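The values are calculated or read from the model by the stated rules, or taken from the named source; none is laboratory data. Everything numeric in this text was worked out from a predicted model, so none of it was measured. In this analysis, Cβ positions are derived from the backbone assuming ideal geometry, glycine residues included, and neighbour counts consider all displayed protein chains. Side chains are part of the model used for accessible areas, which takes the heavy atoms of the whole protein and leaves out ligands, DNA and RNA. Shrake-Rupley method; radii C 1.70, N 1.55, O 1.52, S 1.80 Å.
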Protein chains: 4
Amino acid sequence: MSGAVPVRVTVWGENVHEHSARDRAAMAERYPDGMHGAIAAGLVELLGDAVTTRTATLDQPEHGLSDEVLGSTDVLTWWGHVAHADVDDVVVERVRQRVLGGMGLLVLHSAHFSKIFTRLMGTTCSLAWRNSADAELVWNVSPSHPITQGVPMPIVIEEQETYGEYFDIPAPDEQVFLSTFSGGEVFRSGCCWRRGKGKVFYFSPGDQDYPVYHHPDVKRVLANAVGWARPEEVADFVAPHVVDEPRPWFSGGGLTGAGPA
Amino acid sequence: MSGAVPVRVTVWGENVHEHSARDRAAMAERYPDGMHGAIAAGLVELLGDAVTTRTATLDQPEHGLSDEVLGSTDVLTWWGHVAHADVDDVVVERVRQRVLGGMGLLVLHSAHFSKIFTRLMGTTCSLAWRNSADAELVWNVSPSHPITQGVPMPIVIEEQETYGEYFDIPAPDEQVFLSTFSGGEVFRSGCCWRRGKGKVFYFSPGDQDYPVYHHPDVKRVLANAVGWARPEEVADFVAPHVVDEPRPWFSGGGLTGAGPA
Amino acid sequence: MSGAVPVRVTVWGENVHEHSARDRAAMAERYPDGMHGAIAAGLVELLGDAVTTRTATLDQPEHGLSDEVLGSTDVLTWWGHVAHADVDDVVVERVRQRVLGGMGLLVLHSAHFSKIFTRLMGTTCSLAWRNSADAELVWNVSPSHPITQGVPMPIVIEEQETYGEYFDIPAPDEQVFLSTFSGGEVFRSGCCWRRGKGKVFYFSPGDQDYPVYHHPDVKRVLANAVGWARPEEVADFVAPHVVDEPRPWFSGGGLTGAGPA
Amino acid sequence: MSGAVPVRVTVWGENVHEHSARDRAAMAERYPDGMHGAIAAGLVELLGDAVTTRTATLDQPEHGLSDEVLGSTDVLTWWGHVAHADVDDVVVERVRQRVLGGMGLLVLHSAHFSKIFTRLMGTTCSLAWRNSADAELVWNVSPSHPITQGVPMPIVIEEQETYGEYFDIPAPDEQVFLSTFSGGEVFRSGCCWRRGKGKVFYFSPGDQDYPVYHHPDVKRVLANAVGWARPEEVADFVAPHVVDEPRPWFSGGGLTGAGPA
């Protein structure tokens, strides 16, 4: 990733597994700073001065995504799972407007069912799944894409929840990764879209039951994706809007009545 | 369009201009049976026994789109303009689920701002415009696409409202028409997407101030689009949903620890 | 597939393994009428009167693809492996012109390296492979696509050569199948493109060492693909060509010098 | 464009109009350093130290595109018109291999019919045209794309040859510009594709009869396109090739015979 100006990343985490009676012990061991903490640390580790990060979580006022925070965010990452319904629609719409205006959005794993992702996609975003600690191989199908640089072919994740097709998404503008699982399933695990002026990247590895965000290749993918999703330097973060065209560009204007046969 | 089984089309019209103080006199002359009536008549004229049509309007109970009506609809056409906000969100979601389950949807002209279209697209769907009776030329950029069969190159519409770029939509899965206007603007006037199991076609010609739905080539495009958007014969109209994969397909399952270098 | 007029399919087979010293005994058992014979028989079995088939092979004059044969072919299927270089460039160009004019083309398995496919794609069409009788699962990622109707999810092929990514193709216009192999690889096994007025479908299952073309689901996919790839009824089979636009459509023509600010 | 390492651009020009009896006087006035000279100068003007340029022409040995020159080229621009057939197939294949290996390629105006472009696209690349000094408006349909930054909406070119649809190209991976002409035509004037590891951008403004490459917005588009098309820093410029997968990634490998229903 290039440029003298650091990209401003906000790492959003649902932060519920970290505190639930069922999961908190294992999570404290796996992710002592929360999943959001691990994701943010990975970006800093790989991008250094080229990035500034902060985290935001569901339990904070406005889920930590005030106008001020979003107004100084170039790329937002989103991980959620059990509490999608608890995310305030007002905040979701605020995030959506910012994406349409140019902010990058990285949607992670179970956030396929988040309000912000389903709202931007328009489809159900449903999928097939089985949580049985399968091995996942992440295959690169776009070898010169910026998101796929610097990772092995395939990325090997020893244990992960299985996600499988049919994944109900609009056809990606760019398909960059496909995953296989030791049980035989396939999943479109790395997908890019433009929506408005913003870029959206979905990346499926990252279940809370496994230490996936400590995986060096997964960290590399997320760092690459931040670089890919960052807005152009001149971004105004204003969503596209209606334009009145007051006057024609061409004069004359009518038909000749004599076009080519 | 083929097949022994007629395609069941419901033509939805907002039906507000037809009754407004400002427009009703002109509309009665231009569209004595309403715009929805004209659209439905055009389909019957061109498709004959291959189609059955009915109309539905905003002012009817449930906007004429009850479970029963939608449950027997293969393709829905949608024209709206000034009353998008009056369409009940419950009905919009019902239509969306039916589209994701396989129903075709034709979105017409100012319905780019309808709830159903913006909800399926995820973007603002905003555009540029000028209503000054420009000539519109509709150019075919997919010559073997079923929607573009049987129309001249270009289609000439003598007077139309101008729609221009930037049109804030997801990149179409298939671009079939591009329009130019005598004032110089360009517009992606014929766009195809798949969403879930359903197909969506947006076609921009058709402002209420002009008799566009009587134009023979426009009627042909809509008839072709009904054929393109109709579901496969085995459609179950169930939106994609979560699938539990109870057991792996491959045995063994673990990593060999000895993959290719 | 619909329509009163049968689709005219020519099944092209390289027909070399069938006669080679190394393979002929096994091939005679597996494919007594040749692979091309089996493919043609599968189409007739599933499509009946809706199709007429004939076969053509490398060893025939003009490889069985004279102007007359191609001139009465709606959809051509192509299987080749060891003798791509022996196919006459003149015949390849003839086929290409017919595809650009509207003929459908089904490219099968090792024909990813055929002259006609690489010429239409522009890329190397190279891939990864291992022939070790892996199981292949063919997953449907476009559930309402005509090519994927009537087959289970996934299609299970007990033994097949493994094809893996990176498959060097242009991004498909429509991705309909993805395959996994018991060794862990993934492959974009069902891909659609438009080229000129013609449609091209690549389908990877079908190595000569396995009886894949007798598999009922593979036969179904090929029959569906014939229906998808067939030209529109009005097809003229003329490739796109240069058009002189003798006169403008709009009069006036110059800039107003006063467009919207 | 960013990065400490300058991008190495080779500007290829056919250089025939510059010397033909018919055109040389007008060309000497319009493009005293040749069209290639003007294109190269525009890149230097806008990119400064971020670029190094050299030019190459048809009349040079190997058309100026030796292994050594291509081996030190990150992005190649190509303008040709009347002498496409005179370009040596060996050089064309050399360029193609370099593109598939990662070199960016900018294809300009009448080079739609160049051997390198038609070979990479697979289609005829034919179009409609009329040379009558129409005004051209270049509309941006991808507002956050790096190629469209810093230019007005639309770009106004006072006089240009008209190019119109149908333009026989594969559906672009990204559509960034659409042009209208004062005569009413439309053209997909800015199109992006990936081929192998390389990126290809076609941009249509630039007929030899008009001073288009001196237009500040056209220069900006080309400078942006160089930044977009440049290879990743780790590019090895090796085209994709066959990979033997010697061993499976997953053990076990057979079917369970007991997959999900």
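Hey, can you tell me all the residues within segment A:93-140 that are β-branched (V, I, T) and either open to solvent by 10 Å² or more (accessible area, probe 1.4 Å) or more than 8 Å from chain B (Cβ to nearest Cβ) (or both)?
Once the filter is applied, which keeps residues that are β-branched (V, I, T) and either open to solvent by 10 Å² or more (accessible area, probe 1.4 Å) or more than 8 Å from chain B (Cβ to nearest Cβ) (or both), segment A:93-140 yields A:V95, A:V99, A:V107, A:I116, A:T118, A:T124, A:V138.
Answer with yes or no whether C:L120 is under 25 Å from D:K115 (Cα atoms) and part of a strand (DSSP E or B).
On the way: under 25 Å from D:K115 (Cα atoms): yes; part of a strand (DSSP E or B): no.
For C:L120, the condition - under 25 Å from D:K115 (Cα atoms) and part of a strand (DSSP E or B) - is not met.
Out of everything in segment C:21-39 that is free of Cβ contacts under 8 Å to residues at least 40 places away in the same chain and touching a helix residue (DSSP H, G or I) at 6+ places or on another chain (Cβ under 9 Å), what residue ends up being surrounded by the most Cβ atoms within 10 Å (Cβ to Cβ)? Break it down stepwise before answering.
Filtering segment C:21-39 for residues free of Cβ contacts under 8 Å to residues at least 40 places away in the same chain gives C:21-22, C:24-25, C:28-29, C:32-34, C:37.
Checking which are touching a helix residue (DSSP H, G or I) at 6+ places or on another chain (Cβ under 9 Å) leaves us with C:32-34.
Working: C:P32: 10, C:D33: 14, C:G34: 21.
Among them, the one singled out is C:G34.
Mind checking whether some residue in segment D:59-68 is touching a residue at least 12 places away in the same chain (Cβ under 8 Å) and under 25 Å from D:C191 (Cβ atoms)?
yes
Sort through D:G3, D:G71 and tell me the only one that's touching a helix residue (DSSP H, G or I) at 6+ places or on another chain (Cβ under 9 Å), farther than 19 Å from D:A111 by Cα and at pLDDT below 95.
Every option except D:G3 fails the conditions.
Evaluate segment B:46-67: report whether one residue or more is open to solvent by less than 20 Å² (accessible area, probe 1.4 Å), polar (S, T, N, Q) and not in a strand (DSSP E or B).
no
Right, B:G184: of a type in the set (G, A, S) and over 14 Å from the mean Cα position of the chain (by Cα) or not?
When the stated conditions are applied, B:G184 passes them.
From the list B:G227, B:G198, pick out the single residue that is under 28 Å from C:S179 (Cα atoms), within 14 Å of the chain's Cα centre (by Cα) and open to solvent by less than 30 Å² (accessible area, probe 1.4 Å).
Being under 28 Å from C:S179 (Cα atoms), within 14 Å of the chain's Cα centre (by Cα) and open to solvent by less than 30 Å² (accessible area, probe 1.4 Å) holds for just one of B:G227, B:G198, which is B:G198.
Residue by residue through segment C:201-216, note down the ones that are closer than 24 Å to A:T180 by Cβ and either of a type in the set (F, W, Y) or within 11 Å of chain D (Cβ to nearest Cβ) (or both).
C:F201, C:Y202, C:F203, C:Y210
Yes or no: A:E18 open to solvent by 10 Å² or more (accessible area, probe 1.4 Å), of a type in the set (D, E, K, R) and under 23 Å from A:S189 (Cβ atoms)?
On the way: open to solvent by 10 Å² or more (accessible area, probe 1.4 Å): yes; of a type in the set (D, E, K, R): yes; under 23 Å from A:S189 (Cβ atoms): no.
For A:E18, the condition - open to solvent by 10 Å² or more (accessible area, probe 1.4 Å), of a type in the set (D, E, K, R) and under 23 Å from A:S189 (Cβ atoms) - is not met.
Among the residues of segment B:75-92 satisfying the criterion of being under 16 Å from the mean Cα position of the chain (by Cα) and in a helix (DSSP H, G or I), which is farthest from B:F203 (Cα to Cα)?
B:V92
I'd like to check something: does segment B:148-165 contain any residue that is of a type in the set (A, V, I, L, M, F, W, C), part of a strand (DSSP E or B), open to solvent by 10 Å² or more (accessible area, probe 1.4 Å) and facing chain A (nearest Cβ under 10 Å)? Step through it out loud before you land on a result.
Initial filter on segment B:148-165 (of a type in the set (A, V, I, L, M, F, W, C)): B:151, B:153, B:155-157.
Still in the list and also part of a strand (DSSP E or B): B:155-157.
Restricting the remaining residues to those that are open to solvent by 10 Å² or more (accessible area, probe 1.4 Å) gives B:156.
After this cut, where a residue has to be facing chain A (nearest Cβ under 10 Å) as well, the list is B:156.
Yes, segment B:148-165 contains at least one residue that is of a type in the set (A, V, I, L, M, F, W, C), part of a strand (DSSP E or B), open to solvent by 10 Å² or more (accessible area, probe 1.4 Å) and facing chain A (nearest Cβ under 10 Å).
Restrict the check to segment D:179-186 and report whether at least one residue is within 12 Å of chain C (Cβ to nearest Cβ), at pLDDT 95 or above, in contact with a helix residue (DSSP H, G or I) (Cβ under 8 Å, 6 or more places away or on another chain) and not in a loop (DSSP other than H, G, I, E, B).
no
Residues in segment B:177-195 that are surrounded by fewer than 24 Cβ atoms within 10 Å (Cβ to Cβ) and among the β-branched types (V, I, T): how many?
Number satisfying all stated conditions: 0.
From the set of residues in segment B:166-178 that are in a strand (DSSP E or B) and not β-branched (V, I, T), which is farthest from B:V218 (Cα to Cα)? Walk me through how you get there before you give the answer.
At the first step, the residues of segment B:166-178 found to be in a strand (DSSP E or B) are B:174-178.
Those left that are additionally not β-branched (V, I, T): B:174-175, B:177-178.
Details: B:E174: 19, B:Q175: 17, B:F177: 12, B:L178: 14 Å.
Here the answer is B:E174.
Tell me, please, whether a residue that is at the interface with chain C (Cβ under 10 Å from one of its Cβ atoms), on the phi < 0 side of the Ramachandran plot and small (G, A, S) can be found in segment A:245-257.
The answer is yes, given that some residue of segment A:245-257 is at the interface with chain C (Cβ under 10 Å from one of its Cβ atoms), on the phi < 0 side of the Ramachandran plot and small (G, A, S).
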